[in-house]
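Report on the following structure.
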Amino acid sequence: MTNHKAYRFRIYPNREQEILIAKTIGSTRFVYNHFLAKWNDRYKETGKGMSYNACSAELPQLKRDYEWLKEVDSTALQQGLKHLADGFNRFFKKQNKYPRFKSKKNDVQSFKTVGKMRIEGNRLFLPKLGYVKFAKSRHVEGRILSATIRRTPMGKHFISVLAETEIKPFDATGSAVGIDLGIDHFAILSDGQKIDNERFTRKMEQKLKREQRKLSRRYEQAKKDGKPLREAKNYQKQKVKVAKIHEKIANQRTDFLQKLSTTIIKNHDVVCIEDLNAKGMLKNKKLSKAISDVSWSAFKDMLMYKAEWHDRTIIKIDRWFPSSQLCSSCGHHDGKKDLRVRSWTCPSCGTHHDRDINASRNILQEGLRVLS
């Protein structure tokens, strides 16, 4: 089965390549912001925006007006326009907010290229950049379609290579599983297994707060001294320390989610999972920090694309399905329960339930009903 697969590596550009990467990031941001402004103006004047083709047709003239745009990879500029067009498409489908202007102050800066690329040993050949050394941790299989280069707040550079590759699906298992997502436990499976919530942010919370307080003091000192933040060395050093903590948390969380999603997809042909409204739940001030830390949305995204790779079926259960209110043994509807109630006994059949395991079993049963 042919699918798209992403590979992420750290790259080690030389000084000239670092400068060109910075120029490309700045140029794609300029093009994006330029056409977003034109889109806004056109909409105010006519009630209609600009299509990707209309923007693309004006790009050559923009490059003539700003000669320095010719110094960078032309496909990266085109991809900046596509990113803007995709943003508007998602907005009109009510999937995203209205596109915003990009800022050079954003922590992570990136650009995408679809030009000719190839790998030779531990070097990547990229448009305009030439050969760039990278940490080759695994083999990239198939035809390279695109690459996204990112620069982190610490000045590190990473590349995500998207390749069209042949993926051998996992063997069929004949198994189906229901998953109840939670906070005390990250996931509760219908087979009774409970996956601990590692709480990556909470584990680093005290250290993060301490370093952020230092960053605030460095900020105030730079302001007091009348120094631009870019020239305030103590502030910049502290900013890197804070960024390192955030990066460590993100890496730990991603590793956990990747391993768990792979295990679930490998062991089950059918996966039934709640379609939770994470964005809506984030409005709950008491739970917002904990919900942000568990990253349910990222986990579900991983399950979705891995299921596609391995010919598995994902069934999303309606968020209003009363999984915690039904007895999974007899189907009795027992009504709403306070979150503090962790176990209960069905008054109809007498079965004693663990709240979360019962919910996951109801999710499985509902998923199989939908599938049939």
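Counting the residues of region 185-206 that are closer than 15 Å to R355 by Cα and part of a loop (DSSP other than H, G, I, E, B) gives 4.
Checking every residue in region 194-201 against the condition of being out of contact with any strand residue (DSSP E or B) (no Cβ under 9 Å at 6 or more places or on another chain) and buried (at least 18 other Cβ atoms within 10 Å of the Cβ) gives at least one match. The helices (runs of 4 or more DSSP H) falling completely within region 268-372 that include 2 or more residues that are at pLDDT below 90 map to 278-281, 288-294, 296-309. The sole residue among F170, F158 that is among the aromatic types (F, W, Y) and either at pLDDT below 90 or not in a strand (DSSP E or B) (or both) is F170. Of the residues that make up region 48-58, is at least one closer than 25 Å to A163 by Cβ, surrounded by 11 or more Cβ atoms within 10 Å (Cβ to Cβ) and assigned by TED's automatic domain parsing to the domain that holds I19? Yes - at least one qualifying residue is present in region 48-58. Screening the candidates L62, L129, L84 for the property of being within 26 Å of N14 (Cβ to Cβ) and assigned by TED's automatic domain parsing to the domain that holds A22 yields one hit, L129.
All conditions but one from (1) over 34 Å from the mean Cα position of the chain (by Cα); (2) without any contact (Cβ under 8 Å) to a residue 12 or more places away in the chain; (3) more than 20 Å from D191 (Cα to Cα) apply to D338; the one that does not is (1). Look at L77 and say whether it is out of contact with any Cys (no Cβ under 9 Å at 6 or more places or on another chain), in contact (Cβ under 8 Å) with a residue 12 or more places away in the chain, assigned by TED's automatic domain parsing to the domain that holds K104 and surrounded by 21 or more Cβ atoms within 10 Å (Cβ to Cβ). Taking the combined requirement at face value, the residue satisfies it. Residues in region 33-56 that are without any contact (Cβ under 8 Å) to a residue 12 or more places away in the chain and of a type in the set (K, R): R42, K44, K48.
The values are calculated or read from the model by the stated rules, or taken from the named source; none is laboratory data. Values in this document were obtained by computation on a predicted structure and should not be read as measured data. Here the Cβ is made from the backbone with ideal geometry for all residues, glycine too, and neighbour counts use every protein chain on show.
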